[in-house]
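Written out below as structure tokens is the structure these notes cover.
Coordinate-derived values only; no laboratory data. For clarity, every value in this text was computed on a predicted model and none was experimentally measured. Backbone-built Cβ (ideal geometry, glycine too); neighbour counts: all protein chains shown.
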């Protein structure tokens, strides 16, 4: 395990610093406690209090918070209001800087901090955001007590902001930048950042339309290789040749690369190296997997549920582990730091997991603009006005704020206006429907008692589009494709369509595929084409494949009986790449003319196509794949394998040095964990097994396996750690164990929690 950064004494954390200006000698002198001389000392002074007692306004009764040895908070409250208030407080203790940046990003307020570099992001965030109304339909969609839960959670965040400000323990990033966190409202957690994926659907529509203009519908469809395969039909009378790069640019900018905020004096003089702002993932790779195995196939006779939903590898993690316990509510697992409840986990009765399914949730409409009025578009035989809203963006360093004119057709936000061709492009998306905040509908799953109830509650799961799986204590397993999915009568949604009224959503689909206790004894998903035979019309059209990860999961789960938790661990870390196995045939059945190459040819010929971290063969193959351009075995007839191998070895030598004994896959396949502001807080990179195309893949920074034969024997892993705060015992403490394919126990019973307790914090009612 990586040793945690030493914590400062409590007295040191509370130090106050001040300076005075001498009017006589005209220079600054230290009048009280000195400014720390380095970043680490400064971080140590601004750590949260996680042991002892804190008075928290708004609490009705005392709440106990036990952090275990891995940094997971177990929150025990006497009522629901206190439970969620404490959750907001605790998550802010560990992740307030991340939460504040999330808020700024979702609200389109980054330019206040980053200046004009963030203007494009803010413009699009303001345009695309959900604009209400904030009615009971919105709040009740997530849970019958949705407003109550969100009010309590937001109050908890605000209570910590107040406490941290008064106690001098705001995260060090606020000290370094001079920023202050803004208060949260009940609507703040409802920002649609996690559901902005439909904009990707829209960009793909525009890209396909441009290709149709260039080569025709048949060829464009053949190149896209949609799964399931359907003929592509372009709407009559639409000229796709007028769609240039600038149209799609209207959908870009959201959560793009943002330069870091400036540091204030004196910290700006301490830097010898800096890194960019890390709002999103530093590294990502598709590869989410989940499965639920019936007791008929397990050694214990009880259900096992496993999930490794892949997100970007970043510091801090995009997920946060938490255990909630109060009368009427018990759940443990991961959530987003900005959300109440548990998004993925179990409640003692059911366990659930998710992977992205990819349902098409948006459409681009080409609006016909009135030549006599640029603020009107055609609807049937009449002209209809845009709804126009004005917004103001404060821009750091600018003399004047940026004034935005935002236009909306009846379909949704207008993201580009083509004045030359009298067209306006708008997007209709499910993210603008009530109840579409990502992962928040899991609140309903937190209190479901079996997989049948789980399926019923998924009627309220609108976004993101997920393959939801379930296993329960009664032995049931289930799968449901879950999303708010538009019903398009007579059209497919793969190309932009006229906005004049012929192509409208008639409703939302209620026929999404599901399984309940299938005879084979397991359910599983891996971002594959989930359409059952004969299912029509498709929910989406995937344009990548083959779906090797799902094939591998299917192969393993169909191989026999008596599965254990260890078997699920092994499968989550399965690093076999089927396409590599095919390509390796190119290196069998011959001998290299160059003796120096023969050793490496044999190494590849004998390799089992498993991407182990410490092996040399996958490192060679990784560069060989670049040389071959990703071609499979069947398309390699024109390749000289000896020349290709020699080129790959030269590339590997340039990357890892001239000593072949030091070559290994892990040196090529590393995950980085830079801090968002200063390199002094960077965490060490982690060498990894697996990679794209394997079940292990890359982006699985959170994994869990739930064992209904003994819930305390359930396990989880998360990287780099629970806390984002340099100096914390839980900052980067899990990186090494995660990279080593190790797990920690997901303590559920009070006895198990007590056994693994490391810090105790009592939150009591206060002013």
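Computed over the stretch 521-660, the convex hull of the alpha-carbon atoms projects to a mean area of 11.7 nm². When all alpha-carbon pairs of the stretch 313-435 are counted, what percent fall beyond 21 Å? Summing the P(r) tail past 21 Å for the stretch 313-435 gives 64 percent. Computed from Cα atoms alone, the Kirkwood hydrodynamic radius reported for the chain is 28.1 Å. Estimated from helical segments only, the mean residue ellipticity of the chain at 222 nm is -8000 deg cm²/dmol, where each DSSP H run of four or more residues counts as -39500 (n - 2.57). Once each part is reduced to its C-alpha centroid, what is the distance from the stretch 728-767 to the stretch 296-327 in angstrom? Spelled out, the Cα-based centre of one part sits 15 Å from the other.
Annotation: peptides 332-339, 429-436, 83-90, ranked by per-residue average of other Cβ atoms within 10 Å with the highest first, follow the order 83-90, 332-339, 429-436.
For the pair the stretch 464-521 and the stretch 89-110, the centres of their Cα atoms are 32 angstrom apart. Only Cα pairs under 8 Å and 6+ residues apart enter the sum, and on that basis the relative contact order of the stretch 458-612 stands at 15 percent.
Which shape class applies to the stretch 371-502: rounded if a/c is under 1.5, otherwise prolate when a/b exceeds b/c and oblate if not, where a ≥ b ≥ c are the square roots of the Cα gyration tensor eigenvalues? In terms of gyration-tensor shape, oblate. Protection proxy ranking for 177-188, 317-328, using the average of other Cβ atoms within 10 Å per residue and placing the highest first: 317-328, 177-188. Remark on the stretch 554-609: ratio of C-alpha radius of gyration to 2.2 N^0.38 Å is 1.61.
Peptides 521-531, 723-733, 111-121 ranked from most to least packed, by the mean per-residue count of other Cβ atoms within 10 Å: 723-733, 521-531, 111-121.
The relative contact order of the chain comes to 21 percent, based on Cα pairs under 8 Å that sit 6 or more residues apart. The equivalent ellipsoid of the stretch 121-233 has semi-axes of 44, 20, 11 Å, largest first, where each one is the square root of 5 times an eigenvalue of the Cα gyration tensor. Taken over the stretch 431-531, the convex hull of the Cα atoms encloses 121 Å³ per residue.
With kT/(6 pi eta Rh) evaluated at 20 °C and eta = 1.002 mPa s, and Rh the Kirkwood radius from Cα pairs, the stretch 595-713 diffuses with a coefficient of 129 µm²/s according to Stokes-Einstein. Measuring between their Cα centroids, the stretch 617-696 and the stretch 184-244 lie 32 Å from each other.
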